[in-house]
Amino acid sequence: MFRKEIYTARRAKLKQTTGSGLLLFLGNNESGMNYADNTYHFRQDSTFLYFFGLAYAGLNAVIDIDHDKEIIFGDELTMDAIVWMGIQPTLREKGENAGITDIRPSAAIADYLKSAVQGKQTIHYLPVYRAEHQVKLLTWLDIYPGAEKPSLPFILGVVNQRNYKSAEEIAEIDKACIVTADMHLTAMRMVRPGIRESEVAAAVAEVAYSNNYQLSFPIIATINGQTLHNHYHGNLIKSGDMLLLDAGAETEMGYAGDMSSTIPADSQFTTRQKEIYDIAVASHEAAVNAIRPGILFEEVYDLSARVIMEGLKDLGFVKGDPSEAVRAGAHALFFPCGLGHMMGLDVHDMENLGEVYVGYDGRPKSTQFGRKSLRLGRKLEPGFVLTIEPGIYFIPELIDLWRSRQEFAEFINYEKVATYKDFSGIRNEEDYLITETGSRLLGKKIPLHTNEVEALR
Ligand code: GLY
Ligand code: MN
């Protein structure tokens, strides 16, 4: 945990911006995988972590702005829990660490909320993403699953704090990114024909676990990188393949790293691979050079897509004007995802609170295929932490569909594209902090250019 003064100050600011009512923080519980005692790795809710810092299951909290109270609701461990799962600080100690002295039993929250409702207080809560949150809202507030009405002032208050990373948060994210970089360096040194994707995934995970870190999301280690989030690890890596690795570490305090690299199975990229890879790198570097305070990230996305289309035009995949092709949405055949996203306590930071608020400052998102997957489009500001991850993907099913419809036939040379249906995909990803004057790479550099990757092989 950070110092308790940090959590106290964060809560004070949130109270000020939300103004009135009662803020309800739903902590996370343990969750059984296949029976109650065989649980998933416990992960506290990130907003709960941000304002209270307590990574323990079974806690909930209230900030009653109207009555100037901050309360943590929880129960002491039973002797059975201590015998099986070990000791934890007492509730009083947990509260002290978070700067909170008002600690009450879990069961007391129902009556507290009931009186608040009777007193006509506004109960603010955030969007739910777990069934257990829905059960709590149903039990305490009679809100049926699906009928939740999350509080916009609460969402905006949280987003407007968590989007701006403080020095101590940046230090944590740097730590996550250093281990994340080591995960990728490990893979770059070991990938070769004849080993399985699962061996790479295991070695990558070991780097995180041996640092006592977690994974910030399930590892993607695949020779079928054309599937954007491919979590299958059962293939044998063959000569001529590329392995797309997208993996990140999460520090003990819950901060994420998120990087991607594309590694040839052989000691060198083939000419065909290098031609496409170099375009992805050009797009990546154009984006990195563009990010600074004041620039609209959606413009950086346009730039990165244009560089991809220009490069693919030089190779004969694309025709016409690359800028017009991007405006029309034709680039989404090769680049059907976004350029990057906010990162912090969540790998896609605060995605549960709504991308429109986190990444678009309330501006509606595009509904165009490809562009709609851009999670971040707003003007960049100092303190934002984000990823840069353009990619070039040859997705056979998408190519076949678009070809059959002659979609954007004025921009796409389908004859040529069809010959690359077995190419797979390329993505490289780094994490950046927006500074007062530009940006700074977080963690440490991993090889990006083909010669840098090949030097490790
Ligand atoms: N690293 C997974 C993603 O950014 O979607
Ligand atoms: Mn990412």
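Confirm whether residue 381 is within 14 Å of ligand 1 (Cβ to nearest atom) and open to solvent by 40 Å² or more (accessible area, probe 1.4 Å).
It is false that residue 381 is within 14 Å of ligand 1 (Cβ to nearest atom) and open to solvent by 40 Å² or more (accessible area, probe 1.4 Å).
Do we find a residue being among the charged types (D, E, K, R), without any contact (Cβ under 8 Å) to a residue 60 or more places away in the chain, surrounded by fewer than 19 Cβ atoms within 10 Å (Cβ to Cβ) and under 30 Å from residue 45 (Cβ atoms) anywhere in segment 316-330?
No, there is no match, as no residue in segment 316-330 is among the charged types (D, E, K, R), without any contact (Cβ under 8 Å) to a residue 60 or more places away in the chain, surrounded by fewer than 19 Cβ atoms within 10 Å (Cβ to Cβ) and under 30 Å from residue 45 (Cβ atoms).
In this structure, does residue 240 turn out to be over 22 Å from residue 443 (Cβ atoms), out of contact with any Lys or Arg (no Cβ under 6 Å at 6 or more places or on another chain) and small (Gly, Ala, Ser)?
Yes: the conditions hold for residue 240.
Can you run down the residue pairs with Cβ atoms below 7 Å, 6 or more apart or on separate chains, where the first is in segment 352-378 and more than 13 Å from residue 297 (Cα to Cα) and the partner is surrounded by fewer than 17 Cβ atoms within 10 Å (Cβ to Cβ) and of a type in the set (Phe, Trp, Tyr)?
Short answer, once both residue conditions are applied: 352/129.
Say we look at segment 255-273 and pick out the residues that are within 16 Å of ligand 1 (Cβ to nearest atom) and of a type outside the set (A, V, I, L, M); which of these is farthest from residue 45 (Cα to Cα)?
262
Could you grab me the full set of residues in segment 225-253 that are in contact (Cβ under 8 Å) with a residue 40 or more places away in the chain, over 22 Å from residue 185 (Cβ atoms) and within 16 Å of ligand 1 (Cβ to nearest atom)?
Residues satisfying the conditions are 226, 227, 228.
Taking residue 199, is it without any contact (Cβ under 8 Å) to a residue 24 or more places away in the chain and either more than 16 Å from ligand 1 (Cβ to nearest atom) or open to solvent by 30 Å² or more (accessible area, probe 1.4 Å) (or both)?
When the stated conditions are applied, residue 199 passes them.
Which residue out of 441, 456, 448 is farther than 24 Å from residue 227 by Cα and within 16 Å of ligand 2 (Cβ to nearest atom)?
Sole residue among the options that is farther than 24 Å from residue 227 by Cα and within 16 Å of ligand 2 (Cβ to nearest atom): 441.
Hey, among the residues in segment 217-229 that are more than 14 Å from ligand 2 (Cβ to nearest atom), open to solvent by less than 40 Å² (accessible area, probe 1.4 Å) and assigned to a loop (DSSP other than H, G, I, E, B), which one's nearest to residue 198 (Cα to Cα)?
The residue in question is 223.
Quick check on segment 446-453. Is at least one of its residues within 23 Å of the chain's Cα centre (by Cα) and either more than 16 Å from ligand 1 (Cβ to nearest atom) or assigned to a helix (DSSP H, G or I) (or both)?
For segment 446-453, residues within 23 Å of the chain's Cα centre (by Cα) and either more than 16 Å from ligand 1 (Cβ to nearest atom) or assigned to a helix (DSSP H, G or I) (or both): present.
Look at residue 277 and say whether it is within 16 Å of ligand 1 (Cβ to nearest atom), of a type in the set (Phe, Trp, Tyr) and surrounded by 16 or more Cβ atoms within 10 Å (Cβ to Cβ).
Considered against the rule, which asks whether it is within 16 Å of ligand 1 (Cβ to nearest atom), of a type in the set (Phe, Trp, Tyr) and surrounded by 16 or more Cβ atoms within 10 Å (Cβ to Cβ), residue 277 comes out as no.
I'm told residue 217 meets every condition in (1) without any contact (Cβ under 8 Å) to a residue 40 or more places away in the chain; (2) touching a strand residue (DSSP E or B) at 6+ places or on another chain (Cβ under 9 Å) except one. Can you identify the failing condition by its number?
Residue 217 satisfies every listed condition except (1).
Looking for something under 21 Å from residue 243 (Cα atoms) and either within 14 Å of ligand 1 (Cβ to nearest atom) or part of a loop (DSSP other than H, G, I, E, B) (or both) - is there at least one such residue anywhere in segment 395-407?
Checked segment 395-407: at least one residue is under 21 Å from residue 243 (Cα atoms) and either within 14 Å of ligand 1 (Cβ to nearest atom) or part of a loop (DSSP other than H, G, I, E, B) (or both).
Being open to solvent by less than 10 Å² (accessible area, probe 1.4 Å), away from ligand 2 (no atom under 15 Å from the Cβ) and not aliphatic (A, V, I, L, M) is the filter here, so list the residues in segment 342-377 that pass it.
360, 370, 377
Any residue in segment 114-126 that is part of a loop (DSSP other than H, G, I, E, B) sitting within a Cβ distance under 7 Å of a residue that is open to solvent by 50 Å² or more (accessible area, probe 1.4 Å)? List the pairs, counting only those 6 or more apart or interchain.
Once the first residue is part of a loop (DSSP other than H, G, I, E, B) and sits in segment 114-126, its partners that are open to solvent by 50 Å² or more (accessible area, probe 1.4 Å) give 121/66; 122/20; 125/150; 126/150.
I'd like the residue in segment 202-216 that is of a type in the set (Gly, Ala, Ser) and over 30 Å from residue 370 (Cβ atoms) and, out of all such residues, is surrounded by the most Cβ atoms within 10 Å (Cβ to Cβ).
Ranking the candidates gives 208 first.
Name the residue that is farthest from residue 29 (Cα to Cα), counting only residues in segment 119-148 that are surrounded by 12 or more Cβ atoms within 10 Å (Cβ to Cβ) and among the hydroxyl-bearing types (Ser, Thr, Tyr).
122
The values are calculated or read from the model by the stated rules, or taken from the named source; none is laboratory data. Just so you know, these numbers come straight off a predicted model, no measurement behind them. Using ideal geometry, Cβ is built from the backbone for each residue, glycine included, and neighbour counts are taken over all protein chains shown. To get the accessible areas, we keep the full protein, side chains included, count just its heavy atoms, and leave off ligands, DNA and RNA. Shrake-Rupley method; radii C 1.70, N 1.55, O 1.52, S 1.80 Å.
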